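Chemist: One structure, pasted below without further comment.
Nothing in this text is a laboratory measurement; each read-out follows from the coordinates by a stated rule. This is a predicted model, so every value here is computed, not measured. Cβ: placed from backbone, ideal geometry, glycine included. Neighbour counts: every protein chain shown.
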Amino acid sequence: MLVGSAIHKIDPKGRISLPAGYRKELGGSDLIVVPSPTDKALYVFNPESFEEWLDSLFDRSGGFNPRSRKDVVIRQRILASAATLVIDSAGRINVPNEMREYAHLNKDVSVAGNYDHVEIWDAELYEEAMSLISDEEFSNFFYTE
């Protein structure tokens, strides 16, 4: 399970260091990165988790239907927006320029585990997203009263 978060620098070539624990949990050196469908962030998966995530998007409609034009186009758009990345010998991934622009990745980035994938955010945007839930709301989440 991918947990925790850290702030890292993205270098001018678009390389971001992935923490060793994330690299170990993701396994292998090939990763799939896709823009978040809901936020200005990137999701990083190992190939198996990406496949499971993609399949899960169609679960509420009974699963992917290859005879549904809508399902086919949605899947095509997701796959077309994804990229395969390789972890280099220094433990870094090189994020494509169009993905860096999409997620506003310039200098400081937050690298956060989210159960089955890693999220990469601009550090300020990540803080803004986390502040959408107040500390009190977060605390109250754990109680039924």
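Chemist: Rounded to the nearest 500, what is the chain's calculated 222 nm mean residue ellipticity when only DSSP H runs of at least 4 contribute -39500 (n - 2.57) each, over all residues?
Modeler: -9500 deg cm²/dmol
Chemist: Only one of the listed values, (1) 44; (2) 35; (3) 41, was derived from the coordinates as percent of Cα pairs over 22 Å apart; which label is it?
Modeler: (1)
Chemist: Using alpha-carbon positions, what is the distance between the centroids of segment 113-145 and segment 1-62, in Å?
Modeler: 17
Chemist: Go through 97, 53, 134 and say which Cα lies farthest out towards the positive end of the charge dipole of segment 5-140; charges sit on Cβ, +1 for Lys and Arg, -1 for Asp and Glu.
Modeler: Checking the options against the dipole of segment 5-140, the answer is 97.
Chemist: Which ³J(HN,Hα) values in Hz, rounded to whole numbers, follow from the phi angles of segment 7-15 under the Karplus curve 6.51 cos²θ - 1.76 cosθ + 1.60, where θ = phi - 60° and Gly and Pro get x?
Modeler: 9, 10, 9, 9, 7, x, 8, x, 8
Chemist: Taking amide hydrogens as modeled 1.01 Å from N in the peptide plane, which residues meet the under 5 Å criterion relative to residue 85, leaving out close sequence neighbours?
Modeler: HN-HN under 5 Å from residue 85: 31, 32, 33.
Chemist: Arranged by the count of other C-beta atoms within 10 angstrom, fewest first, what order do 104, 117, 8 take?
Modeler: 104, 8, 117
Chemist: If I stretch the segment between residue 128 and residue 60 completely, what's the gain in nm (0.36 nm per residue apart, minus their alpha carbon distance), one decimal?
Modeler: Between residue 128 and residue 60, full extension yields an extra 21.5 nm.
Chemist: A further question on this structure: In debye, nearest 20, what is the charge dipole magnitude of the chain about its Cα centre with +1 on Lys and Arg Cβ and -1 on Asp and Glu Cβ, if you could check?
Modeler: 800
Chemist: With a cut-off of 20 Å, note down the residues of segment 81-108 whose backbone N falls inside the zone around a label point 7 Å from the Cα of residue 30 toward its beta carbon.
Modeler: Answer for this model: 81-96.
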